[in-house]
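Structure first, commentary second.
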Amino acid sequence: MKILVTGGAGFIGRWVVAKLLTDKHDVWVLDDLSNGRLENIETLRDNQHFQDFILGDIKDKACLASLFENEFDICYHLAASINVQDSIDQPQTTFANDVIGTFHLLEECRKHRVKMVFMSTCMVYEKASERKGISEGYPVKPASPYAGSKLAAENMVLSYFYAYQLPVTVLRPFNTYGPFQKTGGEGGVIAVFLKNKLSGKPLSIYGDGTQTRDLLYVEDCARFVVESGYSDRTNGEIINAGLGQDISINDLAETIVVDKKHIQHIPHIHPQSEIPKLLCNYQKAKEMIAWKPAFRLEEGIKKTEQWIQSTNLI
Ligand SMILES: NC(=O)c1ccc[n+]([C@@H]2O[C@H](COP(=O)([O-])OP(=O)(O)OC[C@H]3O[C@@H](n4cnc5c(N)ncnc54)[C@H](O)[C@@H]3O)[C@@H](O)[C@H]2O)c1
């Protein structure tokens, strides 16, 4: 197939591109490099199926119009502003990229009848209250403009399924980690903790550290994303993916550094947007596309640590 990956030079995007190339599809990558980097796809560009890297913005209609002349079969749409804290401090950027940018892409998908796989997030959910975890019918709560923008974009994406019978799929992966994730800033808790450990710095935990996360290894995430696109059964559906286990940030920190004196608690920047418990129920992904995670947390942490040690890319 001919496939476009937006945000393909980003952390998860580069793994999605890698999997698509392994599956021998022709791949185009669109990224404005606002948070991605060319080094992420350096080794992938030599693959004979890698067609082109386009430095461009999903808000640039002319850029999209010329790119879609390629008549793609699938558009995996991962490009987005991803930082929760930034979205609270500066909602306009997140809204413009995550809602308006998605709208422009949808219009091109409609014109050319291209399936869109839209990358949403678990951050749209209300906190988990049940031990069986969050399934797709669970209440949503836009606790930040990031979550609000993703929900708005999800609704636009699904409206194209109902109004125009456009094949679309909405994905809500839980917090994802692994090699190529940046080690600074919010979002990559494992990457940040590992980097601090390796540089002899303390691990800082926002708040009391009892908040939990369901942590998904990036190769599992990429397989989920790619295979959701291949299946027709996923059209018009919202699907979760996660490990199916949550861990408190305190326990995570103690898994990474055994000695508690290297762990410190600091005040939350925006405590109102913290989700106290996130636990994924991935039953639907299992039923629809036979997906389940292959990497345990300890294995994923080890692979990430090895990668951080082996690279100057941080
Ligand atoms: N990392 C996670 O834990 C996680 C979990 C669930 C969902 N997601 C979603 O997965 C997707 C990828 O996230 P990631 O963690 O790889 O982040 P990332 O920032 O590494 O990737 C996003 C990419 O999009 C690009 N981009 C941003 N705005 C753009 C624009 N206007 N035009 C073109 N390119 C643009 C960035 O340069 C970057 O390369 C995002 O949609 C994110 O919301 C991430």
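The values are calculated or read from the model by the stated rules, or taken from the named source; none is laboratory data. Here the structure is a predicted model, which means the values were calculated and not measured. Methodologically, a virtual Cβ is constructed for each residue, glycine included, from the backbone with ideal geometry; neighbour enumeration extends over all protein chains shown. Heads up: the accessible areas ignore ligands, DNA and RNA and are worked out on the full protein's heavy atoms, side chains in. Shrake-Rupley method; radii C 1.70, N 1.55, O 1.52, S 1.80 Å.
Identify, please: which residue in region 86-140 is of a type in the set (Ser, Thr, Tyr) and away from the ligand (no atom under 16 Å from the Cβ) and is, among those, nearest to Asn240 (Cα to Cα)?
So in region 86-140, the residues of a type in the set (Ser, Thr, Tyr) come out as 87, 93-94, 102, 120-121, 125, 129, 135, 138.
Applying the additional criterion that residues be away from the ligand (no atom under 16 Å from the Cβ) yields 129, 135.
On the way: Ser129: 17, Ser135: 7 Å.
Only one residue fits best here, namely Ser135.
Does Gly36 qualify as being among the small types (Gly, Ala, Ser), under 26 Å from Thr183 (Cα atoms) and near the ligand (Cβ under 10 Å from one of its atoms)? Break it down into steps so the answer makes sense when it comes.
Details: among the small types (Gly, Ala, Ser): yes; under 26 Å from Thr183 (Cα atoms): yes; near the ligand (Cβ under 10 Å from one of its atoms): yes.
Yes, satisfied.
List pairs: first in region 120-134 and crowded, with 22+ Cβ neighbours inside 10 Å, second assigned to a strand (DSSP E or B) and among the hydroxyl-bearing types (Ser, Thr, Tyr), Cβ under 6 Å, 6+ apart or cross-chain?
Ile134/Tyr125
Starting from residues that are touching a Gly at 6+ places or on another chain (Cβ under 9 Å) and charged (D, E, K, R), keep the ones in region 214-228 and report whichever is surrounded by the most Cβ atoms within 10 Å (Cβ to Cβ).
Top of the filtered list is Asp214.
Taking only region 56-92 into account, find how many residues are acidic (Asp, Glu) and part of a helix (DSSP H, G or I).
Keep residues of region 56-92 that are acidic (Asp, Glu), which gives 57, 60, 69, 71, 73, 86, 89.
Those left that are additionally part of a helix (DSSP H, G or I): 69, 86, 89.
Within region 56-92, residues that are acidic (Asp, Glu) and part of a helix (DSSP H, G or I) number 3.
Would you check if Thr169 is open to solvent by less than 10 Å² (accessible area, probe 1.4 Å), modelled with pLDDT of 95 or more and polar (S, T, N, Q)? Break it down into steps so the answer makes sense when it comes.
On the way: open to solvent by less than 10 Å² (accessible area, probe 1.4 Å): yes; modelled with pLDDT of 95 or more: yes; polar (S, T, N, Q): yes.
In short, yes.
This table checks each residue for (1) acidic (Asp, Glu); (2) in contact with a Cys (Cβ under 9 Å, 6 or more places away or on another chain); (3) modelled with pLDDT of 95 or more.
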residue	(1), (2), (3)
Leu30	no, yes, yes
Asn35	no, no, yes
Leu55	no, no, yes
Ile58	no, no, yes
Cys63	no, no, yes
Asp73	yes, no, yes
Ser81	no, no, yes
Gln92	no, no, yes
Phe95	no, no, yes
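Out of all the residues in region 12-30, is one or more part of a loop (DSSP other than H, G, I, E, B) and within 10 Å of the ligand (Cβ to nearest atom)?
Filtering region 12-30 for residues part of a loop (DSSP other than H, G, I, E, B) gives 23-25.
Keeping just the survivors that are within 10 Å of the ligand (Cβ to nearest atom) gives none.
No, the conditions are met nowhere in region 12-30.
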